[in-house]
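Since every read-out is calculated from the coordinates, none of them should be taken as a lab result. All values derive from a computational prediction rather than experimental measurement. Neighbour counts run over all protein chains shown; Cβ positions are idealised from the backbone, glycine included.
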Amino acid sequence: MKITLNGEATEIIATTLDAAVDELGYTGKIVATAVNGDFVAREARGETMLVEGDRLEVVAPLQGG
Amino acid sequence: MKITLNGEATEIIATTLDAAVDELGYTGKIVATAVNGDFVAREARGETMLVEGDRLEVVAPLQGG
Amino acid sequence: MKITLNGEATEIIATTLDAAVDELGYTGKIVATAVNGDFVAREARGETMLVEGDRLEVVAPLQGG
Amino acid sequence: MKITLNGEATEIIATTLDAAVDELGYTGKIVATAVNGDFVAREARGETMLVEGDRLEVVAPLQGG
Amino acid sequence: MSDPVTFYDTAVESRLLLGTALYPSPAIMAEAIKASGAEIVTVSLRREAAGGGAGQAFWDLVRSLDVRVLPNTAGCHTVKEAVTTAHMAREVFGTPWIKLEVIGEDDTLQPDLFGLVEAARILSDDGFDVFPYTTEDLVAAERLVHAGCRVLMPWGAPIGSGLGLANHTGLKRMRAHFPEATLVVDAGIGLPSHAAAAMEMGYDAVLLNTAVAKAGDPAAMAGAMAGAVTAGRAGYLADPMEAREMAAPSTPVMGKAFLS
Amino acid sequence: MSDPVTFYDTAVESRLLLGTALYPSPAIMAEAIKASGAEIVTVSLRREAAGGGAGQAFWDLVRSLDVRVLPNTAGCHTVKEAVTTAHMAREVFGTPWIKLEVIGEDDTLQPDLFGLVEAARILSDDGFDVFPYTTEDLVAAERLVHAGCRVLMPWGAPIGSGLGLANHTGLKRMRAHFPEATLVVDAGIGLPSHAAAAMEMGYDAVLLNTAVAKAGDPAAMAGAMAGAVTAGRAGYLADPMEAREMAAPSTPVMGKAFLS
Amino acid sequence: MSDPVTFYDTAVESRLLLGTALYPSPAIMAEAIKASGAEIVTVSLRREAAGGGAGQAFWDLVRSLDVRVLPNTAGCHTVKEAVTTAHMAREVFGTPWIKLEVIGEDDTLQPDLFGLVEAARILSDDGFDVFPYTTEDLVAAERLVHAGCRVLMPWGAPIGSGLGLANHTGLKRMRAHFPEATLVVDAGIGLPSHAAAAMEMGYDAVLLNTAVAKAGDPAAMAGAMAGAVTAGRAGYLADPMEAREMAAPSTPVMGKAFLS
Amino acid sequence: MSDPVTFYDTAVESRLLLGTALYPSPAIMAEAIKASGAEIVTVSLRREAAGGGAGQAFWDLVRSLDVRVLPNTAGCHTVKEAVTTAHMAREVFGTPWIKLEVIGEDDTLQPDLFGLVEAARILSDDGFDVFPYTTEDLVAAERLVHAGCRVLMPWGAPIGSGLGLANHTGLKRMRAHFPEATLVVDAGIGLPSHAAAAMEMGYDAVLLNTAVAKAGDPAAMAGAMAGAVTAGRAGYLADPMEAREMAAPSTPVMGKAFLS
């Protein structure tokens, strides 16, 4: 289905968040996730179903002031 | 009945605000009134009943910065 | 003879300062004079002889801060 | 004779500066001297004669900013 | 030439707003107001003793001066107090104008921006023309404009301190950020040069009280402040030179006589 | 009320002295002088081309303005140059007044205090009324007074910089140290608030040029400066309040209604 | 002697908190952090490209430096953004600490005090230790303390401006008003003397980034800032002399030789 | 890394010169000197009572500290006094170094630039290494350099005032004007941030006394000043960022998650 990953239209097969995280190549990476603006904790990714059009944000540590 | 006028316990006979304003000697004075912290417009004083313990504030113009 | 007028080499015939002032076209102008860095008052111009190489300065009013 | 030592009238017998310095109890002290406002070097004290009324200054190290 | 400033569609010539408090006497207050040329003075409401006439006397004096009044909500610490006071003021003074003060801290008399914005919204919706006493905070200012305020009155420094413009760059940014609003530096002015500096930054007007009332000669200081406001405004309009660290001769160097 | 300032027994009402240089045109210069209300303007001497008439034209214009002239020795770097220039100025302008500049450093146009004091002595002894362009240096100032100067003109900041009063405390000390002398802040003023601040410190007058001549609208800035000088002077005379770090309510707290 | 500062029950010796952004290279960042002696550095979260590893690399570098991290919510303009970012940061960085930024205005990056207080309440209730990036506004600060903040981080000047302490008196009042809170000047510091001045006012620490990262030699500037913070703190504790306008001789006058 | 400063061919590491006067006790003075890391301390000469030993005791204490001494001519008001004092100091302290003070005004202890230049010439010709206590006056400074001074010590503010750098732009211009000379801010420093600011301007060193001696804890303040001088110097060498009025985000905006 079509979702938006970090602002870009993306096609995925996965229907759960953690499957999507794997499918998108974040496996084992240190990232946090939010769906449609709401934080989804790592342990909640399994039960989080994704639907067409969801906005998925995947973030990682970066420099900051 | 007992009310509080500008912070001081006061005994009045009047039961409406405008009667009270007259009884308290503000007749013809340029004053505004509030009962229990709410503004009471001049034209509403007639229908405003006072009850035991009401807090009446009567204010007039003064210097300000 | 050769003198320097306001920094520029100038040929004059006059031998006194006031003759020079006239010859140089300052007649009737509001100017002050200095020869070789020394002030020469208007009334002293007549008896002030110029010699070859003298530095003559002729100044007039101008804007100033 | 009478001299002034550091601003105070003082009676001394000595007639040379270095004798005076000893007489006044500065022997072996780390001091510098001036007579009537002029510096007198240690090695010059011997030949420096004092006369009635001389102003002798004897100074030593002190705190300073 | 005329250079009026507009407060809610009311244009006035004087860019100095003056307070009426703290003067040695009512007579001196009146003199100072006249000397200031102010067309707008701030006033307040206080408890009237039963049978007392202080309010009437003060009010008659102010009216005799032929100035507009800007009632304040001085000393109010809550939205409710401020709103009720505003209503009482509108009835007594017969004007929709209100200098809205919601004090948040008593050492500095700093505005409570949270209560201020809320009260400003309530009062604007209720038809008041709100003159909010605020800080140089741009976000609060945007909310005030949003609430309907067309006048903003940031403090220069704490009320009565006379420190002048404590956050010069902050006030400059506020002017740049709100080119449309009528901006008034309110509070903190102690000297004519402070008032002039506020106007040189492009502020539309200055509101002060203590610096005049507590001067040795209030009327003279009122005139001084008026002159400084006019001068600062004129300086702003005249497009000042740029400051620079190095010097530049005013008298032309060219043509200087050589006299050595 | 009249509050004249005295320069060597000559009393004038205007406390703003204006320079005549750097204006876009002679006409604008004339307008600015009129707008400033200045009764004293500074002028200079420059080389006159053989047969030229620039000097006469300038002089006629200045005379038409009915102001006193204060000739300067701008650009002089030595005592001799300054003294000779002063003599030429006295003859041409017919006044014993001389703004004595002995420049010591070209980036800042800072006065050479050593040459200044020497030239001031020579000229005072020769009957000149010397207006020395100096710094806030108290020792040099004492020597100038000793040399006969009854006017002292410390810089606010380098000529043409527009920085204002670079050493505020130094200028304050100078005023305190010379209660009798006529003190003028000369140079460095960029804005009306700078001029007002100088007067608030108790200075007797302000002399400026670039800030007016280089403003977008010189005549308007001249008026602004005049107003600021008057305002600052009036503020000084009115005995200003003391500034303090904490706030003090202007509107009385007593009697405030309780409305919660 | 040890003089630790406490952030939510965590005591550290270094009173300089350093940002990790804007350095010429990660290696230079690491050097600067080491040179600063900072025990706390700020970090952020950004989008990770699918398959990318930038985040991991940065994180490994930071962890190798053996410092605590203070994640920020930089760039968040709404309460929701800030709260969600805080939660993501807590999961990724494994700390309850959050430097809470709710930006209200983009030219100044001024905090939105309204959103800030709301977000601080939500996050404090949710177990976060909130380090709010705020202003010198005392009322907002009181609300933040009320919401559970034991650390307050007022700006010195706009982020990245390097202007120093724009509102010196305001910051002083804030220290006086919150003797208990841990106060950090965050943003605006451009020079070591700015950092020292903040500490001399009694602030507990300084947080900065641009002044170090954008210096010609970041590591050297980091060391300079560390030294200035320590010096300013020591000066504060040493109870400085009072400043005064007149002079007082350091060398005793008594006993001076008379040599004229 | 080593970054020595040179005073007449003598290179020292510490850029803080400390006075020895005004301490609560000799022991505290000694502690403060040690804490300051100063390698050069100023000393003076005073009348020694017949039979007294105060001078010897002080001198033994100073020598035990293993520092260089810079004798001063404090309190001298004439060239002759200063010159005689310098000679006495050279004999007693066995050094050609002399901090030359010729005081011209007692309220500010301002140097008399006229006497200073003359005395500097006499002493330089006589083989002294003169450290003149001067002002930011560029012309006097040029004359001092001409007289042989390779060190210049302008005041920051009046001795003992603790006001800091009263004429910041003037001191900056002095540094720009004398890139070669060893420049020391002497007098007026009250806080570590003042000392840091002097070094950030590119000054080579700072000399102070009262701020340390009159602090509640002199030794602690001595350490604070030392740290501030080092920090300011390091900041200067690190090439600081340019300050600007508007903000610039430190945390990169790019890549920020969209979370609304």
Open item on the list: I need B:Glu23, G:Glu242 ordered by Cβ neighbour count within 10 Å, fewest first.
Closed with: G:Glu242, B:Glu23
Open item on the list: Springs between alpha-carbon pairs under 10 angstrom, Gaussian network model over chain E: which of E:Glu48, E:Glu136, E:Glu91 fluctuates most?
Closed with: E:Glu48
Task: Rounded if a/c under 1.5, otherwise prolate or oblate - region F:2-105, Cα gyration tensor axes - done: oblate
- [ ] Starting at the first residue of region H:199-211, write each ³J(HN,Hα) from the Karplus equation 6.51 cos²θ - 1.76 cosθ + 1.60 with θ = phi - 60°, in whole Hz, x for Gly and Pro.
- [x] 5, 5, 6, x, 5, 7, 6, 10, 10, 8, 8, 4, 4
Task: Long-range HN-HN contacts of F:Thr251 with modeled amide H, under 5 Å - done: B:Gly65
Task: Calculated label separations, G:Ala11, copies of the chain, 7 Å along the beta-carbon direction, nm - done: 4.3, 6.8, 7.3
Task: In Hz, Karplus ³J(HN,Hα) per residue of region E:47-63 (6.51, -1.76, 1.60; θ = phi - 60°; x = Gly, Pro) - done: 4, 9, 5, 3, x, x, x, 4, x, 4, 4, 4, 5, 4, 4, 4, 5
Task: Whole-Hz couplings from phi, Karplus 6.51/-1.76/1.60, listed for region F:170-182; x for Gly and Pro - done: x, 5, 4, 4, 5, 4, 4, 7, 10, x, 8, 5, 7
Open item on the list: Given the rotation relating E and G, tell me which residue in E puts its Cβ closest to the axis and the distance in Å.
Closed with: E:Asn167, 2
Task: Cα-based shape type of chain H, given that a ≥ b ≥ c are square roots of the gyration tensor eigenvalues and the cut on a/c is 1.5 - done: prolate
Task: Distance from region C:14-54 to region H:103-128 (C-alpha centre basis), Å - done: 45
Task: Subset of A:Lys29/G:Lys99; D:Lys29/H:Lys99; A:Lys29/H:Lys256; F:Lys34/F:Lys214 violating a 22 Å alpha-carbon distance limit - done: A:Lys29/G:Lys99; D:Lys29/H:Lys99
Task: DSSP-loop trypsin sites (Lys or Arg not before Pro) across region E:157-257, with at most 15 other Cβ within 10 angstrom - done: E:Arg244
Open item on the list: Once each part is reduced to its C-alpha centroid, what is the distance from region F:22-65 to region G:1-76 in angstrom?
Closed with: 66
Task: Other copies of F:Met246: label-to-label distances in nm, shortest first, labels 7 Å along the beta-carbon direction - done: 2.8, 4.2, 5.0
Open item on the list: Is the C-alpha gyration tensor of region E:216-258 telling us rounded, prolate or oblate? Criteria: a/c under 1.5 is rounded; beyond that, a/b larger than b/c is prolate, otherwise oblate.
Closed with: prolate
Task: Average Cα contact separation per residue, chain E, under 8 Å, 6 or more apart, as relative contact order % - done: 19
- [ ] Could you please rank G:Trp155, H:Trp59, placing first whichever residue has the fewest other Cβ atoms within 10 Å of its Cβ?
- [x] H:Trp59, G:Trp155
Open item on the list: Assume the label is 7 Å from Cα along Cα to beta carbon: what separations in nm does C:Ala44 have to the matching positions in the other copies?
Closed with: 4.6, 9.4, 10.0
Task: Charge tally in the Cβ shell below 15 Å around H:Trp97, where Lys, Arg are +1 and Asp, Glu are -1, H:Trp97 excluded - done: -3
Task: Helix-only [θ]222 nm of chain H, DSSP H runs n ≥ 4, -39500 (n - 2.57) each, per residue, nearest 500 - done: -12000 deg cm²/dmol
Open item on the list: Give me the dipole magnitude in Debye, nearest 20, for chain D about the Cα centre, with unit charges on the beta carbon: positive for Lys and Arg, negative for Asp and Glu.
Closed with: 180
- [ ] Arrange E:Glu142, E:Glu13 by Cβ neighbour counts within 10 Å, fewest through most, would you?
- [x] E:Glu13, E:Glu142
